[in-house]
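FYI, it's all coordinate maths here, none of it is from the lab. All figures in this text were calculated on a predicted structure; none of them were measured in a lab. For neighbour counting, all protein chains shown are included, and Cβ atoms are generated from backbone atoms with ideal geometry for every residue, glycine included.
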Amino acid sequence: MKHLLKLGDLSRSEIFELLDLAAQLKEEKKNGIEHHHLKGQTLGMIFQKSSTRTRVSFEVGMYDLGGIALFLSSRDLQIGRGEPVQDTARVLSRYLDGIMIRTFEQQEVEDLAKYGSIPVINGLTDYCHPCQVLADLLTIKEYKDTFDGRKLCFIGDGNNMANSLIVGGIKTGMSVSIACPGDYQPDADIMAWAKENGTFVCTENILEAAADADVIYTDVWASMGQEGEAADRRKAFAGYQVNNEVMSVAKSDCMVQHCLPAHRGEEITDEVFEAHANEIFDEAENRLHAQKAVLVKLMKKA
C-alpha cells in the first residue's frame, strides 16, 4: 500500500488492517497514550473543495501522530493558476512527506501519485471518498461487531459516496443495496464489479432496497459543485428520504449513517437523524481515527 487513491486499489486484508489499526489508535487516544509515529513529518493538504471534517480531522490526526499539517488552498498554489499537476507533484515531493488532496477530478489524484515520490491520500473526489468509507466501516464494526451477513443500504444520489460504499461494503463481506433514481445511478463499472464479486442490487424502489437492512446510509441530494442543480435534484429525489416508513422495513436494530453535512427535511427527517445521532457523530469522529491509520500505514518510517 503506497497510496490511498480509491478503495478498489486495496485488498480485503489491507482494509481490515487499517480498521484494526484505527481501533487501536482510537483506544490509545482515549486512554491518553501518545503515539508519535510520524514525529517530524509534514503532510501537505491541498483543498480545491472546502471541508470541515476533512481539514480538522487530518490536522488533528497529524498533531496526534507527532507531525504537522499544512493547509494549501487552490488560491495558495500554482496548481490553481495552471501549473501542470505533474510539476506540482514533483515540487511538493521535495518538501513534504505526504500529500492529502480534496478535489474534483479523480485523474488529478492519480497523477499526483504517478509523478510524485511520496504517499498521496484521496480526501475526496467526484468519483470516490475512501477516507469517509473507512470511517463508516469502522463505525459499523463498532456497532455490529462483524460485517458477515450484514446488509448495507444506501439511499440517494449514486455519487462518490455510493461508489465507495459499494466497494467497501462488498470487500468487507456485506451485501449492498442502492436506491436511487434511474438517472442518478452509481458508476457503471463499479456496479458491474459489485455484481461479480458480491451480493449487490440497485433499484429505484426505496423500500425494496431498505428491507431487512442492518445499516441505512444517506447523503445530500446536491453535493459540492452541484448547487446549480439543487432545484432539479430536489424534484428527482423527492421520494428518496430516510424517514420512519423506510426505517420500519429495515431491521429493528438498524443503524443510520450520514457523511454530513445533513440537510434535515430533505434526504433525512429530523426525527430519524436525532434518533440515530450517536451513530452519526461516532461516524464523524471516526474520520480522525481511520485517517490516522492511513497516515501511519503510508508514512511511518521503517
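Quick check: the angle from helix 160-171's long axis to the longest principal axis of the chain, C-alpha only, nearest 10 degrees?
90
Hey, how many Å between the Cα centroid of segment 1-39 and the Cα centroid of segment 72-119?
Result: 23 Å between the Cα centres.
Work out from phi, with θ = phi - 60° and the Karplus expression 6.51 cos²θ - 1.76 cosθ + 1.60, the ³J(HN,Hα) of each residue of segment 89-98, listed in order in whole Hz, and give x for Gly and Pro.
4, 5, 5, 5, 5, 7, 9, 10, 9, x
At 0.36 nm per residue, minus the direct Cα-Cα distance, what do Thr42 and Ala230 gain on full extension? Give it in nm, one decimal, please.
Result: 63.9 nm gained on full extension.
What net charge do the residues around Ser223 carry, taking every other residue with its C-beta under 13 Å from that of Ser223, with Lys and Arg at +1 and Asp and Glu at -1?
Cβ neighbours under 13 Å give a net charge of -4.
Starting from the amide H of Phe147, placed 1.01 Å from N in the peptide plane, find each other amide H under 5 Å away whose residue is 5 or more places distant or on another chain.
none
Considering Cα pairs under 8 angstrom that are at least six residues apart, work out the relative contact order of the chain and quote it in whole percent.
This gives 21 percent for the chain.
Considering only the other residues whose Cβ falls under 12 Å of the Cβ of Glu110, what net charge follows from Lys and Arg at +1 and Asp and Glu at -1?
My count for the surroundings of Glu110 gives -2.
For a paramagnetic label modelled at 7 Å from the Cα of Val56 toward its Cβ, which residues of segment 255-298 fall within the zone defined by backbone nitrogen distances under 17 Å?
It comes to 258-263, 277-292, nothing else.
How many nm separate the modelled label positions at Asp212 and Ser11, each set 7 Å beyond the Cα in the direction of the Cβ?
In this crude label model, Asp212 to Ser11 measures out at 3.2 nm.
If R0 is 35 Å, what FRET efficiency do you get for Lys300 and Asn278 from their C-beta distance, rounded to 0.05?
The computed FRET efficiency comes out at 0.65.
Please give the FRET efficiency for Tyr143 paired with Asp189, using the beta carbon to beta carbon distance and R0 = 35 Å, rounded to the nearest 0.05.
With R0 = 35 Å, the Cβ-Cβ based efficiency is 0.70.
For Cys259, what charge total do you get from the other residues with a beta carbon under 10 Å from its beta carbon, if Lys and Arg give +1 and Asp and Glu give -1?
It works out to a net charge of -1.
Take the alpha-carbon centre of segment 41-62, take the same for segment 131-165, and report the distance between them in whole Å.
If we compute the Cα centre of each part, the gap is 22 Å.
Looking at segment 114-228, how many pairs of lysines come closer than 19 Å at the Cα, when each pair is eight or more places apart or spans two chains?
6
Please give the FRET efficiency for Glu105 paired with Asn31, using the beta carbon to beta carbon distance and R0 = 45 Å, rounded to the nearest 0.05.
Efficiency, from the Cβ-Cβ distance: 0.65.
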